[in-house]
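Read through the structure below, which is laid out as structure tokens, and then see the notes.
The values are calculated or read from the model by the stated rules, or taken from the named source; none is laboratory data. Note that the structure is predicted; figures quoted are calculated from it, not measured. Cβ: placed from backbone, ideal geometry, glycine included. Neighbour counts: every protein chain shown.
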Amino acid sequence: MSRNSLDHITGMYMSHISKRKKAADALVDRSKVYTLAEAIEITKKTATTKFDSGVELHVRLGIDPQKADQIVRGTIALPHGTGKQKKIVVFAEGKEAELAEKAGAARVGGKELIKEISQTGKFPGDVAVATPDMMRFVSAIAKILGPKGLMPNPKNETVTKDVTKAVKELAAGKIPFRNDATSNIHLLVGRASFESSKLLENITIALDAIKRVKPSASKGAYLLSMYLSSSMGPSAPFIL
């Protein structure tokens, strides 16, 4: 195939994507703040990808992310899961490693796995779990895991001796969360194919979990703004 033919095909594809995006953007009224129920319906309508789009919750928090006593983290057990099969990576050795493999972890390893991640800069999963004795070694890749919100932590129960329980709960829909460097939390809370009632329940429980862990050092408004969006779709602002 010639370069001109490739450019023509690429141009047609990008034009199609652009038209689809414009059509989706037009469904969101930028002058309006929706109710949660309305935002869910808008998000489902703007899910125009050929695959089953994820539904993402974005929350801007009234915290100072530079202060350790204002970090927001925890876990959420979504009753209807996220619709995505999570790749759970467990840092463990010996008996705990065997138990993690039996529980269904996608990858299990100790010092060699940590060395691999350190050298490649890539984490082979979606969630990280570690046994307490492995944390002194996992700290060597904190600069890789930390910015992605993947660093195991006792507060969100991803540092534990009971790796079997952790892996099974995470696989069933339990997800850890942590604010990023810009005071935002981003969560996958379902798929566009989910019934609206299931998305409503997942999102309500997620927001309740975030509210429960408000740092005492954070003063004033806590949930500054909230948005829903589908994968590659526009964001719809909402209030409770």
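Numbers for the structure displayed
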item	result
Failed condition for Pro154, given (1) at pLDDT below 95; (2) within 21 Å of Asp64 (Cβ to Cβ); (3) out of contact with any Ser or Thr (no Cβ under 7 Å at 6 or more places or on another chain)	(2)
Verdict on Lys67 being closer than 30 Å to Ile239 by Cβ and modelled with pLDDT under 90	no
Number of positions in region 106-144 that are modelled with pLDDT of 95 or more, surrounded by 20 or more Cβ atoms within 10 Å (Cβ to Cβ) and within 18 Å of the chain's Cα centre (by Cα)	2
Residue in region 195-209 that is closer than 27 Å to Ile40 by Cβ, touching a strand residue (DSSP E or B) at 6+ places or on another chain (Cβ under 7 Å), surrounded by fewer than 17 Cβ atoms within 10 Å (Cβ to Cβ) and in the same structural domain as Leu36 (by TED's automatic domain parsing) present	yes
Some residue of region 171-187 being on the phi > 0 side of the Ramachandran plot and at pLDDT below 95	yes
Flag if Glu96 is in contact (Cβ under 8 Å) with a residue 24 or more places away in the chain, among the acidic types (Asp, Glu) and not in a loop (DSSP other than H, G, I, E, B)	yes
Strands (runs of 3 or more DSSP E) fully within region 129-230 counting 1 or more residues that are within 19 Å of Val90 (Cβ to Cβ)	174-178
Qualifying position, being buried (at least 18 other Cβ atoms within 10 Å of the Cβ) and either touching a strand residue (DSSP E or B) at 6+ places or on another chain (Cβ under 7 Å) or assigned by TED's automatic domain parsing to the domain that holds Leu78 (or both), among Asn184, Asn156	Asn156
Contacts under 6 angstrom Cβ, first residue in region 26-44 being within 9 Å of Ala236 (Cβ to Cβ), partner aromatic (Phe, Trp, Tyr), 6 or more apart	Tyr34/Phe238; Ala39/Phe238
Per-region count, region 36-86, residues surrounded by fewer than 21 Cβ atoms within 10 Å (Cβ to Cβ), touching a Phe, Trp or Tyr at 6+ places or on another chain (Cβ under 8 Å) and assigned to a helix (DSSP H, G or I)	2
Candidates Pro79, Pro124 - the one that is in the same structural domain as Leu223 (by TED's automatic domain parsing) and either out of contact with any Pro (no Cβ under 9 Å at 6 or more places or on another chain) or of a type in the set (A, V, I, L, M) (or both)	Pro79
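Let's see how each residue does on (1) farther than 20 Å from Ile185 by Cα; (2) among the charged types (D, E, K, R); (3) in contact with a Leu (Cβ under 6 Å, 6 or more places away or on another chain):
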site: Gly110; (1), (2), (3): yes, no, no
site: Leu113; (1), (2), (3): yes, no, no
site: Ile117; (1), (2), (3): yes, no, no
site: Gly121; (1), (2), (3): yes, no, no
site: Asp126; (1), (2), (3): no, yes, no
site: Met134; (1), (2), (3): yes, no, no
site: Ala142; (1), (2), (3): no, no, no
site: Leu145; (1), (2), (3): no, no, no
site: Pro154; (1), (2), (3): no, no, no
